[in-house]
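The next block holds one structure in the form of C-alpha coordinates; read it before the comments.
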Amino acid sequence: MAILHTINKSPFDKGSLETCVRLASKGSAVLFIEDGVYGAMKGTAKSGVVEGAKGDLSFYVLGPDLKARGIGEDKLIDGIEVVDYNGFVKLAVDNDKVQAWL
Amino acid sequence: MSEIKKFMYVNRKAPYGTIYAWESLEVVLIGAAFEQDVSMAFIDDGVYQLVKGQNTKELGIKNFSPTYTALGDYDVKKIYVEKESLDARGLTIDDLMPLKWEDENEDYAEKDSIQILPAKELAGLLDDADVLLSF
(Lines give C-alpha, C1' and ligand atoms only; values in the text may rest on other atoms or scores of the structure.)
Protein backbone atom coordinates (compact mmCIF):
# COMPACT_ATOMS: atom_id res chain seq x y z
CA MET A 1 0.00 0.00 0.00
CA ALA A 2 1.38 3.34 -1.05
CA ILE A 3 2.61 5.81 1.53
CA LEU A 4 2.94 9.58 1.39
CA HIS A 5 5.93 10.54 3.54
CA THR A 6 6.05 14.07 4.92
CA ILE A 7 9.20 15.74 6.24
CA ASN A 8 8.80 18.93 8.28
CA LYS A 9 12.27 19.34 9.80
CA SER A 10 15.38 20.92 8.30
CA PRO A 11 17.87 18.23 7.20
CA PHE A 12 20.59 20.24 8.96
CA ASP A 13 18.76 19.98 12.30
CA LYS A 14 17.34 16.46 12.25
CA GLY A 15 17.99 13.16 10.49
CA SER A 16 14.39 12.89 9.29
CA LEU A 17 15.29 13.13 5.61
CA GLU A 18 17.90 10.36 5.79
CA THR A 19 15.61 8.13 7.85
CA CYS A 20 12.71 8.69 5.48
CA VAL A 21 14.81 7.77 2.45
CA ARG A 22 16.10 4.68 4.27
CA LEU A 23 12.59 3.45 5.13
CA ALA A 24 10.50 4.56 2.14
CA SER A 25 9.78 1.76 -0.32
CA LYS A 26 10.38 2.23 -4.02
CA GLY A 27 7.57 4.18 -5.64
CA SER A 28 6.66 6.13 -2.50
CA ALA A 29 5.94 9.86 -2.50
CA VAL A 30 7.91 12.25 -0.28
CA LEU A 31 6.61 15.77 0.43
CA PHE A 32 8.73 18.49 2.02
CA ILE A 33 6.73 20.89 4.21
CA GLU A 34 7.51 23.59 6.83
CA ASP A 35 11.26 23.63 7.67
CA GLY A 36 11.57 20.40 5.71
CA VAL A 37 11.63 22.43 2.46
CA TYR A 38 15.34 23.19 2.98
CA GLY A 39 15.87 19.53 2.10
CA ALA A 40 14.62 20.25 -1.45
CA MET A 41 17.40 22.75 -2.24
CA LYS A 42 20.25 21.99 -4.59
CA GLY A 43 23.91 22.65 -3.84
CA THR A 44 23.66 21.96 -0.12
CA ALA A 45 25.56 19.44 2.01
CA LYS A 46 22.35 17.37 2.10
CA SER A 47 21.29 17.57 -1.56
CA GLY A 48 22.93 14.23 -2.27
CA VAL A 49 20.34 12.44 -0.16
CA VAL A 50 17.54 13.44 -2.52
CA GLU A 51 19.73 13.17 -5.63
CA GLY A 52 20.55 9.59 -4.72
CA ALA A 53 16.94 8.61 -4.05
CA LYS A 54 15.01 10.41 -6.76
CA GLY A 55 15.18 7.43 -9.09
CA ASP A 56 13.14 5.36 -6.63
CA LEU A 57 11.00 7.99 -4.92
CA SER A 58 8.86 10.91 -6.13
CA PHE A 59 9.71 14.16 -4.36
CA TYR A 60 7.35 17.10 -3.86
CA VAL A 61 7.67 20.38 -2.00
CA LEU A 62 4.94 22.68 -0.67
CA GLY A 63 5.08 26.00 -2.57
CA PRO A 64 3.72 28.29 0.19
CA ASP A 65 6.45 27.05 2.56
CA LEU A 66 9.10 27.77 -0.10
CA LYS A 67 7.79 31.29 -0.71
CA ALA A 68 7.58 32.04 3.01
CA ARG A 69 11.29 31.23 3.28
CA GLY A 70 12.34 33.10 0.15
CA ILE A 71 13.36 29.96 -1.70
CA GLY A 72 12.88 30.35 -5.45
CA GLU A 73 12.02 27.35 -7.58
CA ASP A 74 15.35 27.82 -9.40
CA LYS A 75 17.03 26.74 -6.16
CA LEU A 76 15.37 23.32 -6.13
CA ILE A 77 16.93 20.00 -7.00
CA ASP A 78 15.88 18.97 -10.52
CA GLY A 79 12.89 16.67 -10.58
CA ILE A 80 11.20 17.93 -7.42
CA GLU A 81 7.63 19.00 -8.10
CA VAL A 82 6.19 22.07 -6.39
CA VAL A 83 2.62 21.60 -5.14
CA ASP A 84 0.08 23.96 -3.55
CA TYR A 85 -2.28 23.06 -0.70
CA ASN A 86 -4.67 21.35 -3.09
CA GLY A 87 -1.76 19.30 -4.36
CA PHE A 88 -0.94 18.33 -0.76
CA VAL A 89 -4.52 17.13 -0.29
CA LYS A 90 -4.39 15.23 -3.57
CA LEU A 91 -1.18 13.46 -2.53
CA ALA A 92 -2.79 12.50 0.78
CA VAL A 93 -5.87 11.16 -1.00
CA ASP A 94 -3.94 9.32 -3.73
CA ASN A 95 -1.92 7.38 -1.16
CA ASP A 96 -3.26 4.87 1.36
CA LYS A 97 -1.67 6.50 4.36
CA VAL A 98 0.69 9.21 5.54
CA GLN A 99 3.89 8.75 7.53
CA ALA A 100 5.03 11.99 9.17
CA TRP A 101 8.78 12.04 9.82
CA LEU A 102 8.54 14.53 12.68
CA MET B 1 -17.09 -1.86 13.86
CA SER B 2 -15.47 -5.18 14.64
CA GLU B 3 -12.96 -4.95 11.81
CA ILE B 4 -9.42 -5.41 13.10
CA LYS B 5 -6.90 -3.04 11.59
CA LYS B 6 -3.14 -3.16 11.61
CA PHE B 7 -1.88 -0.21 13.62
CA MET B 8 1.80 0.64 13.36
CA TYR B 9 3.20 3.11 15.89
CA VAL B 10 6.42 4.74 14.69
CA ASN B 11 8.56 5.97 17.59
CA ARG B 12 11.53 8.22 16.81
CA LYS B 13 12.20 10.32 19.94
CA ALA B 14 14.31 9.74 23.03
CA PRO B 15 12.22 9.19 26.19
CA TYR B 16 12.41 12.18 28.56
CA GLY B 17 13.37 15.31 26.59
CA THR B 18 9.93 15.50 24.97
CA ILE B 19 6.54 13.97 25.72
CA TYR B 20 6.31 11.98 22.47
CA ALA B 21 7.45 8.62 23.89
CA TRP B 22 5.01 8.68 26.80
CA GLU B 23 2.13 9.85 24.60
CA SER B 24 2.83 7.04 22.14
CA LEU B 25 2.68 4.46 24.94
CA GLU B 26 -0.67 5.84 26.08
CA VAL B 27 -2.14 5.63 22.60
CA VAL B 28 -0.70 2.15 22.08
CA LEU B 29 -2.44 0.92 25.23
CA ILE B 30 -5.73 2.46 24.08
CA GLY B 31 -5.41 0.76 20.68
CA ALA B 32 -4.62 -2.55 22.37
CA ALA B 33 -7.67 -2.19 24.63
CA PHE B 34 -9.82 -2.01 21.49
CA GLU B 35 -8.27 -5.31 20.37
CA GLN B 36 -6.58 -3.93 17.28
CA ASP B 37 -3.52 -5.52 15.69
CA VAL B 38 -0.77 -3.39 17.20
CA SER B 39 2.89 -3.15 16.15
CA MET B 40 5.52 -0.71 17.34
CA ALA B 41 8.59 0.41 15.43
CA PHE B 42 11.55 2.07 17.14
CA ILE B 43 13.71 4.15 14.81
CA ASP B 44 16.37 6.86 15.26
CA ASP B 45 16.45 8.16 18.87
CA GLY B 46 13.30 6.12 19.50
CA VAL B 47 15.54 3.14 20.24
CA TYR B 48 16.64 4.93 23.44
CA GLN B 49 13.12 4.38 24.80
CA LEU B 50 13.87 0.67 25.20
CA VAL B 51 17.26 0.95 26.89
CA LYS B 52 17.32 -0.91 30.20
CA GLY B 53 18.27 0.57 33.57
CA GLN B 54 16.33 3.85 33.24
CA ASN B 55 16.08 5.69 36.57
CA THR B 56 14.34 9.08 36.68
CA LYS B 57 14.34 9.43 40.47
CA GLU B 58 16.52 12.52 40.50
CA LEU B 59 14.52 14.15 37.71
CA GLY B 60 11.35 13.92 39.79
CA ILE B 61 9.37 12.61 36.83
CA LYS B 62 7.77 9.27 36.18
CA ASN B 63 9.96 6.48 34.88
CA PHE B 64 7.58 4.96 32.35
CA SER B 65 10.02 2.36 31.03
CA PRO B 66 8.43 -0.49 33.07
CA THR B 67 5.31 0.05 30.97
CA TYR B 68 7.13 -1.39 27.94
CA THR B 69 7.67 -4.65 29.83
CA ALA B 70 3.91 -4.84 30.45
CA LEU B 71 3.00 -4.50 26.76
CA GLY B 72 2.98 -8.27 26.32
CA ASP B 73 0.09 -8.52 28.80
CA TYR B 74 -1.89 -6.24 26.48
CA ASP B 75 -1.15 -8.51 23.53
CA VAL B 76 1.33 -6.00 22.11
CA LYS B 77 4.01 -8.45 21.09
CA LYS B 78 5.33 -7.07 17.81
CA ILE B 79 8.10 -4.67 18.75
CA TYR B 80 10.43 -3.85 15.86
CA VAL B 81 13.75 -2.07 16.33
CA GLU B 82 15.59 -0.75 13.29
CA LYS B 83 19.08 -2.25 13.13
CA GLU B 84 20.67 0.82 11.50
CA SER B 85 19.45 3.05 14.34
CA LEU B 86 20.78 0.66 17.01
CA ASP B 87 24.14 0.32 15.25
CA ALA B 88 24.53 4.08 14.81
CA ARG B 89 24.13 4.51 18.57
CA GLY B 90 26.54 1.73 19.53
CA LEU B 91 23.72 -0.33 21.04
CA THR B 92 22.89 -4.03 20.80
CA ILE B 93 19.91 -6.13 21.87
CA ASP B 94 21.70 -6.67 25.20
CA ASP B 95 21.33 -2.97 26.01
CA LEU B 96 17.54 -3.17 25.65
CA MET B 97 14.91 -4.28 28.13
CA PRO B 98 13.98 -7.93 27.50
CA LEU B 99 10.35 -7.58 26.45
CA LYS B 100 8.34 -10.81 26.58
CA TRP B 101 4.89 -12.12 25.85
CA GLU B 102 3.24 -15.38 26.92
CA ASP B 103 1.99 -17.74 24.22
CA GLU B 104 -1.21 -19.26 25.55
CA ASN B 105 -1.13 -21.83 22.75
CA GLU B 106 2.17 -23.17 24.07
CA ASP B 107 1.40 -23.44 27.78
CA TYR B 108 2.17 -19.76 28.30
CA ALA B 109 5.75 -20.10 27.13
CA GLU B 110 7.60 -16.76 27.34
CA LYS B 111 8.68 -15.42 23.97
CA ASP B 112 10.66 -12.37 22.94
CA SER B 113 8.66 -9.44 21.64
CA ILE B 114 11.58 -7.48 20.22
CA GLN B 115 12.75 -8.16 16.67
CA ILE B 116 15.68 -6.27 15.24
CA LEU B 117 15.14 -5.62 11.54
CA PRO B 118 17.14 -3.88 8.82
CA ALA B 119 15.52 -0.79 7.26
CA LYS B 120 14.51 -2.70 4.12
CA GLU B 121 12.38 -5.18 6.07
CA LEU B 122 10.93 -2.53 8.33
CA ALA B 123 9.93 -0.54 5.24
CA GLY B 124 7.82 -3.51 4.16
CA LEU B 125 6.03 -3.54 7.52
CA LEU B 126 5.22 0.17 7.20
CA ASP B 127 3.76 -0.58 3.77
CA ASP B 128 1.63 -3.41 5.18
CA ALA B 129 0.06 -1.37 7.98
CA ASP B 130 -3.49 -0.04 7.65
CA VAL B 131 -2.81 2.90 9.94
CA LEU B 132 0.47 4.68 10.72
CA LEU B 133 0.79 6.79 13.85
CA SER B 134 3.93 8.92 14.04
CA PHE B 135 5.60 9.95 17.28
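So in region B:92-114, with the set limited to residues that are polar (S, T, N, Q) and in contact with a helix residue (DSSP H, G or I) (Cβ under 9 Å, 6 or more places away or on another chain), which one is nearest to A:V98 (Cα to Cα)?
Going through the qualifying residues, I end up with B:S113.
Please enumerate the residues belonging to region A:68-102 that are assigned to a loop (DSSP other than H, G, I, E, B) and within 14 Å of chain B (Cβ to nearest Cβ).
A:N95, A:D96, A:L102
Could you list all residues from region B:65-91 that are within 18 Å of B:E121 (Cα to Cα) and in contact with a helix residue (DSSP H, G or I) (Cβ under 8 Å, 6 or more places away or on another chain)?
If the condition is that a residue be within 18 Å of B:E121 (Cα to Cα) and in contact with a helix residue (DSSP H, G or I) (Cβ under 8 Å, 6 or more places away or on another chain), then B:K77, B:I79, B:Y80, B:V81, B:E82, B:K83, B:E84, B:S85, B:L86 are the ones that fit.
Going by the structure shown, is B:E121 within 14 Å of another protein chain (Cβ to nearest Cβ) and either more than 15 Å from the chain's Cα centre (by Cα) or outside any helix (DSSP H, G or I) (or both)?
So B:E121 passes the test.
Suppose we filter region B:47-64 for residues that are in a helix (DSSP H, G or I) and touching a helix residue (DSSP H, G or I) at 6+ places or on another chain (Cβ under 7 Å); how many remain?
Here is the first cut: in region B:47-64, the ones in a helix (DSSP H, G or I) are B:47-50, B:57-59.
After this cut, where a residue has to be touching a helix residue (DSSP H, G or I) at 6+ places or on another chain (Cβ under 7 Å) as well, the list is B:47, B:49-50.
Within region B:47-64, residues that are in a helix (DSSP H, G or I) and touching a helix residue (DSSP H, G or I) at 6+ places or on another chain (Cβ under 7 Å) number 3.
Does B:S134 count as surrounded by fewer than 20 Cβ atoms within 10 Å (Cβ to Cβ) and within 21 Å of A:K97 (Cα to Cα)?
Yes, satisfied.
Taking A:S16, is it closer than 25 Å to B:M8 by Cβ, among the polar types (S, T, N, Q), crowded, with 23+ Cβ neighbours inside 10 Å and under 11 Å from the mean Cα position of the chain (by Cα)?
yes
Just to verify a result, which residue in region B:88-105, among those that are without any contact (Cβ under 8 Å) to a residue 12 or more places away in the chain and under 20 Å from B:D37 (Cβ atoms), is surrounded by the fewest Cβ atoms within 10 Å (Cβ to Cβ)? Working first, answer last.
Filtering region B:88-105 for residues without any contact (Cβ under 8 Å) to a residue 12 or more places away in the chain gives B:88, B:90, B:92, B:94, B:103-105.
With the extra rule that they be under 20 Å from B:D37 (Cβ atoms), the set shrinks to B:103-105.
Details: B:D103: 13, B:E104: 8, B:N105: 6.
Filtering region B:88-105 for residues that are without any contact (Cβ under 8 Å) to a residue 12 or more places away in the chain and under 20 Å from B:D37 (Cβ atoms), the one surrounded by the fewest Cβ atoms within 10 Å (Cβ to Cβ) comes out as B:N105.
With B:A129, B:A109 as the choices, which residue is surrounded by 12 or more Cβ atoms within 10 Å (Cβ to Cβ) and among the hydrophobic types (A, V, I, L, M, F, W, C)?
Unique residue meeting the criteria: B:A129.
List, please: which pairs have Cβ atoms under 6 Å, are six or more places apart or on different chains, and start with a residue in region A:80-99 that is closer than 20 Å to A:K54 by Cα and end with one that is modelled with pLDDT under 95 and not in a strand (DSSP E or B)?
As it stands, the answer is A:N95/A:A2, since those pairs meet every condition given.
Among (1) part of a helix (DSSP H, G or I); (2) away from chain A (no Cβ under 14 Å); (3) under 12 Å from the mean Cα position of the chain (by Cα), where does B:V38 come up short?
(1)
State which residue is farthest from the other protein chains (Cβ to nearest Cβ) when the search covers only region B:11-32 and only residues that are closer than 16 Å to A:S16 by Cβ and hydroxyl-bearing (S, T, Y).
Taking the candidates together, the pick is B:T18.
Please verify whether region B:106-113 includes one or more residues that are touching a strand residue (DSSP E or B) at 6+ places or on another chain (Cβ under 8 Å) and not in a strand (DSSP E or B).
Checking region B:106-113: at least one residue is touching a strand residue (DSSP E or B) at 6+ places or on another chain (Cβ under 8 Å) and not in a strand (DSSP E or B).
Do we find that A:A29 is within 14 Å of chain B (Cβ to nearest Cβ), of a type in the set (A, V, I, L, M), crowded, with 16+ Cβ neighbours inside 10 Å and in contact (Cβ under 8 Å) with a residue 40 or more places away in the chain in this structure?
On the way: within 14 Å of chain B (Cβ to nearest Cβ): yes; of a type in the set (A, V, I, L, M): yes; crowded, with 16+ Cβ neighbours inside 10 Å: yes; in contact (Cβ under 8 Å) with a residue 40 or more places away in the chain: yes.
The answer is yes for A:A29.
Can you report the number of residues in region A:73-95 which are surrounded by fewer than 12 Cβ atoms within 10 Å (Cβ to Cβ) and out of contact with any helix residue (DSSP H, G or I) (no Cβ under 8 Å at 6 or more places or on another chain)?
Selection size over region A:73-95: 7.
The values are calculated or read from the model by the stated rules, or taken from the named source; none is laboratory data. Keep in mind it's a predicted model, so treat the numbers as computed, not measured. Reconstructed Cβ throughout: ideal geometry from the backbone, glycine too, with neighbour counts over all protein chains shown.
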